[in-house]
Amino acid sequence: MRVVITSDLEGVTGVDDYRMVIRSNTELYHQACVNLTEDINAAVRGLKRAGVDEILIIDGHGGGKPPNVLDDRVEAGAQVVREGSPYDVFRQELDAGLMVGAHAMAGTRDGFMSHTTSGMTSMVVHGQSIGETEKVGWLAEFHGVPQVMVTGDAALVREVNHFFPGIETVMVKTAEDRAT
């Protein structure tokens with residue numbers, strides 16, 4: 001069984017200060033990367049216990065440049081995809097996908113650092129605002145890779161339950177607003 005984990009930084013456990021996702025804030029940013037890698041490792045351990053043979057990881061925050069997932073800390077048995085376009089992985093034969101550290105779409109007032117891609121505006125598909133989570137989930141499912149789990153804050157969990165009913169969600173934090 002082959003599974004891919006797509007990651008982002010804003011929805012990670014313990015990332016509670018916008019400065020943590022800015023690369024120039026060296027110490028804070030490094031801590032966010034450690035937290036991201038540990039959240040991914042928790043998912044990897046669960047997947048291994050479930051009998052998954054191969055686990056691929058997409059470093060999704062900022063295209064993974066510079067790396068946000070710390071390769072030297074990734075659980076054995078998982079591989080970070082660093083070659084080519086990371087989302088080309090969905091064209092491979094995969095059995096399932098997970099998203100770790102996802103965040104709510106632009107305009108979500110109680111979503112920590114809610115945004116869509118690099119802006120504050122939403123993407124609109126058939127008159128419906130969507131976020132990065134929906135974009136990645138639908139891209140994966142277009143290629144036959146069902147999304148089975150997403151982690152992030154409470155607002156993201158609410159969003160995922162709306163767009164992907166029945167998917168497993170893990171709430172790792174609750175935001176009072178976009179910055180708190």
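Overview of results
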{"read-out": "Matching residues, segment 14-35, being open to solvent by 60 Å² or more (accessible area, probe 1.4 Å) and not aliphatic (A, V, I, L, M)", "value": "16, 18, 19, 23, 24, 26, 27, 30, 31"}
{"read-out": "Strands (runs of 3 or more DSSP E) wholly inside segment 36-127 containing at least 2 residues that are open to solvent by less than 30 Å² (accessible area, probe 1.4 Å) and either over 21 Å from residue 141 (Cα atoms) or not acidic (Asp, Glu) (or both)", "value": "54-59, 78-81, 96-102"}
{"read-out": "Qualifying residue in segment 150-163 (condition: open to solvent by 40 Å² or more (accessible area, probe 1.4 Å) and either under 14 Å from the mean Cα position of the chain (by Cα) or within 26 Å of residue 29 (Cβ to Cβ) (or both))", "value": "no"}
{"read-out": "Residues that are assigned to a strand (DSSP E or B) and touching a strand residue (DSSP E or B) at 6+ places or on another chain (Cβ under 6 Å), drawn from segment 138-171", "value": "147, 148, 149, 150, 151, 152, 153, 168, 169, 170"}
{"read-out": "Residue list for segment 1-15, filter: polar (S, T, N, Q) and in a loop (DSSP other than H, G, I, E, B)", "value": "13"}
{"read-out": "Condition check for residue 11: open to solvent by less than 10 Å² (accessible area, probe 1.4 Å), of a type in the set (Gly, Ala, Ser) and touching a residue at least 24 places away in the same chain (Cβ under 8 Å)", "value": "yes"}
{"read-out": "Residue satisfying condition, being at pLDDT below 90, acidic (Asp, Glu) and under 19 Å from residue 9 (Cβ atoms), within set 83, 75, 132, 159", "value": "132"}
{"read-out": "Condition met for residue 133 (open to solvent by 10 Å² or more (accessible area, probe 1.4 Å), within 22 Å of residue 16 (Cα to Cα), among the hydroxyl-bearing types (Ser, Thr, Tyr) and touching a strand residue (DSSP E or B) at 6+ places or on another chain (Cβ under 8 Å))", "value": "no"}
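The values are calculated or read from the model by the stated rules, or taken from the named source; none is laboratory data. All of these numbers come straight from a predicted model, not from anything done at the bench. Virtual Cβ from ideal backbone geometry, glycine too; neighbours counted across all protein chains shown. The protein model used for the area step is the full one, side chains on, heavy atoms only, and it has no ligands, DNA or RNA in it. Shrake-Rupley method; radii C 1.70, N 1.55, O 1.52, S 1.80 Å.
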